[in-house]
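Engineer: My questions will all concern the structure given below.
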Amino acid sequence: MQATIYFIRHAEKPDPTAGTQGVDDVGNTDKRSLTPRGWQRAGALAVWLQGPKLKRIERVYASNTESHHVDEEGSKSKRPIETVTPFAA
């Protein structure tokens, strides 16, 4: 059986120059989280990924903010996990 892999970029991130800010899953301001529109798109993505024309998804992976050490450069963004959480649930 041939595997299909979907690569999905995280949903919208905050842009202070555009006046958008991130919010966590309970609505608290968080610069490392998705914007409200990003949360909406994550929900829409969950619906789309369950569509009848797509193959059954067996695994979901997202980068982990906890994997970065204090001395290493890297993003502490929660957006990758927040983007796939509605679907994974």
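The values are calculated or read from the model by the stated rules, or taken from the named source; none is laboratory data. All values reported here derive from a predicted model rather than from experimental measurement. All Cβ positions, even for glycine, are placed from backbone atoms using ideal geometry, and neighbour counts span all protein chains on display. In case anyone asks, the SASA skips ligands and DNA or RNA and just uses the protein heavy atoms, side chains included. Shrake-Rupley method; radii C 1.70, N 1.55, O 1.52, S 1.80 Å.
Engineer: Tally up the carbon and sulfur contribution to the accessible surface of the chain as a whole percent, 1.4 Å probe, everything protein left in place. All intermediate terms of the calculation are to be shown ahead of the outcome.
Structural biologist: Numbers: 3740 of 7120 Å².
Summing carbon and sulfur atoms, their accessible area is 52 percent of the total for the chain.
Engineer: So what is the accessible area of the chain per residue, in Å², with the probe set to 1.4 Å? Mind showing how you got there, number by number?
Structural biologist: Numbers: 7120 Å² over 89 residues.
With the other protein chains kept in place, the chain gives 80 Å² per residue.
Engineer: Normalising by the residue count of the chain, find the relative contact order in percent from Cα pairs under 8 Å and 6+ residues apart. Let's see the in-between values first.
Structural biologist: On the way: 109 pairs, mean separation 27.2, N = 89.
Worked out over the chain, it gives 31 percent.
Engineer: Same structure, new question: Pick the calculated semi-axes √(5λ) of the Cα gyration tensor in Å for this structure from (i) 25, 14, 11; (ii) 18, 16, 12; (iii) 25, 18, 10?
Structural biologist: (iii)
Engineer: Turning to a different aspect of this structure: Could you pull out the longest piece of the chain with no exposed loop GluC sites (Glu not before Pro) in it, calling a site exposed if DSSP puts it outside H, G, I, E, B and it has at most 12 other Cβ atoms within 10 Å?
Structural biologist: Values: sites that count: Glu58, Glu72, Glu73.
By the stated rule (loop sites, at most 12 other Cβ atoms within 10 Å), 1-57.
Engineer: Mind listing P(r) for the stretch 1-43? All alpha-carbon pairs, 5 Å bins, whole percents.
Structural biologist: Computed distribution, short to long bins: 6, 24, 25, 17, 9, 6, 6, 4, 3, 0.
Engineer: Starting from the 7 Å offset along Cα-to-Cβ, what nm value, one decimal, do you get for the label separation of Ile8 and Leu54?
Structural biologist: It works out to 0.5 nm between the two label points.
Engineer: Across the stretch 11-24, in residue order, what do the Karplus-derived ³J(HN,Hα) couplings come to in whole Hz, using 6.51 cos²θ - 1.76 cosθ + 1.60 with θ = phi - 60° and x for Gly and Pro?
Structural biologist: The phi angles translate into 6, 3, 9, x, 9, x, 5, 9, x, 9, 10, x, 9, 7 Hz.
Engineer: Taking the Cα centre as origin and putting +1 on Lys and Arg beta-carbons and -1 on Asp and Glu beta-carbons, what dipole magnitude results for the chain, to the nearest 20 debye?
Structural biologist: 520 debye
Engineer: Still on this structure: Considering only DSSP states other than H, G, I, E and B, which chymotrypsin sites (Phe, Trp or Tyr not before Pro) in the stretch 1-54 qualify as loop sites with at most 16 other Cβ atoms within 10 Å? Please report the intermediate quantities before stating the final value.
Structural biologist: Numbers: sites: Tyr6, Phe7, Trp39, Trp48; in loops: Tyr6, Phe7.
Counting only loop positions with at most 16 other Cβ atoms within 10 Å, the chymotrypsin sites (Phe, Trp or Tyr not before Pro) in the stretch 1-54 are Tyr6, Phe7.
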